[in-house]
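Just below is one structure, and these are the notes that go with it.
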Amino acid sequence: MRVRFWGVRGSLPVPGAHTERYGGNTSCVEITSAAGTRIIIDGGTGIRRLGKELMRAEFESGQGQAHILVSHTHWDHIQGLPFFAPFYRGGNRLFVYARQRDDQNLRSVFASQADAPFFPVSFDHTRASVAFRELHDGVKFEIEDVRVSTTRLNHPHIATAYAVGADGARVAYISDTAPFSDILFGQEFMSGPPSPRSRLSKTDKAKLKAMAAAVVRMCEGADLVIYDTMYTAEEYRQFPHFGHSRPSDAIAVCREAGAKTLALFHHSPDRSDGEVDSMLDGARRQARGAAKKLEIVAAFEGLDLMLGKV
């Protein structure tokens, strides 16, 4: 199994001198099995460059096939899709998966971002064959030789985590999520942090506990866990209502799950390369001394990992 990172930022793309090493594109990760099954997780701006790369091979002749797993439809996870070149080549077969919504079907969600006056090319003008699959929380399924499992995350409007297994290896993708302790997010965005005196109900505590347990199960024995670590501890205290985590939250999940490697991911757009280095150093210090070693890296554009049988 090959894992390649094409976009690692959260919220919005931030190209420039301060983000050259880690990259400024938003979320996109490509996973390819030894048999050639191609899984793309999220369609942030990083997917544009991936699409150009794919067009150098079978996608150029209209013989390509890929499966796109979308964690949720906030802009930074879908804003690159209208610029994904394989969509516009006849013969290519693309499958898009995301959590089922109550208000509109999945195809209309993606088509709306290309509606006039926001984009010049309607989604109806894509020439590839594009099929959509709406998912329920906790569903498991297979894509050829690849096994996929899902679980709900704690994020405004709800996000989905994916675990992808093939070739004797497993990768868990956990972005975006808040910790499972302070706030339970649903279908609405909170306009501000909760009152200092507010307390979670017993029902909400139980839901968060179950959600956390499901995430740990998803990460059990994983070769690689890609986890939302957008915030420092101080940033989380200021913005707990935005639905993102700290390195300490990711480390706790990975330790409980016995995961082998943690990739810090969804870096803040305000975080320079040097500041990402500092966050990585701090996370590694925090992880020292555990009974089982946890390797920690900070995801960057171009990071290319080979896992399991290749």
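Read the figures in this text as sums done on the coordinates, not as results from a lab. All of these numbers come straight from a predicted model, not from anything done at the bench. As a convention, Cβ positions derive from the backbone with ideal geometry for all residues, glycine included, and neighbour counts pool all protein chains shown.
Loop-located trypsin sites (Lys or Arg not before Pro) in segment 100-204 (DSSP state other than H, G, I, E, B) with a sparse environment of at most 12 neighbouring Cβ atoms within 10 Å: Arg197, Arg199. Restricting segment 94-167 to chymotrypsin sites (Phe, Trp or Tyr not before Pro) that sit in a DSSP loop and have at most 15 other Cβ atoms within 10 Å of their own Cβ leaves Phe118. When the chain is treated as a Gaussian network with alpha carbon springs shorter than 10 Å, the biggest mean-square fluctuation among Gly43, Gly16, Gly165 belongs to Gly16.
Please check: in the Gaussian network model of the chain (C-alpha springs, under 10 Å), which one of His244, His125, His157 has the largest mean-square fluctuation. Comparing His244, His125, His157 in a Gaussian network model of the chain, the most mobile one is His125.
Only beta bridges with both residues in the chain are counted; by DSSP, about 50 percent of them are antiparallel.
Restricting segment 164-239 to chymotrypsin sites (Phe, Trp or Tyr not before Pro) that sit in a DSSP loop and have at most 15 other Cβ atoms within 10 Å of their own Cβ leaves Phe189.
Which residues does a label at Trp75 reach in segment 82-110, if reach means a backbone N under 19 Å from a point 7 Å past the Cα toward the Cβ? Once the point is set 7 Å along Cα→Cβ of Trp75, 82-84, 109-110 turn out to lie under 19 Å by backbone N, inside segment 82-110. Relative to the Cα centre, the charge distribution of the chain, modelled as +1 at Lys and Arg Cβ and -1 at Asp and Glu Cβ, gives a dipole magnitude of about 720 debye. Taking 0.692 mPa s as the viscosity and 37 °C as the temperature, the Stokes-Einstein diffusion coefficient of segment 15-68 based on its alpha-carbon Kirkwood radius rounds to 267 µm²/s. Value of Rg to Rh for the chain, rounded to two decimals, is 0.95; Kirkwood radius and Rg both from alpha-carbon coordinates. Estimated at 0.36 nm per residue, the fully extended path between Gln113 and Ala233 surpasses their Cα-Cα distance by 39.8 nm. Report, in degrees rounded to the nearest 10, the 0 to 90 angle that the Cα long axis of helix 247-257 makes with the longest principal axis of the chain. Compared with the principal axis, the helix lies near 90 degrees. A Gaussian network model of the chain, with springs between Cα atoms under 10 Å, assigns the largest mean-square fluctuation among Val215, Val225, Val130 to Val130. Across the chain, the relative contact order, built from alpha-carbon pairs under 8 Å that are at least six residues apart, equals 19 percent.
Seen from every direction in turn and averaged, the convex hull around the alpha carbons of segment 135-280 projects onto 9.5 nm².
Between segment 143-175 and segment 105-123, the alpha-carbon centres lie 26 Å apart.
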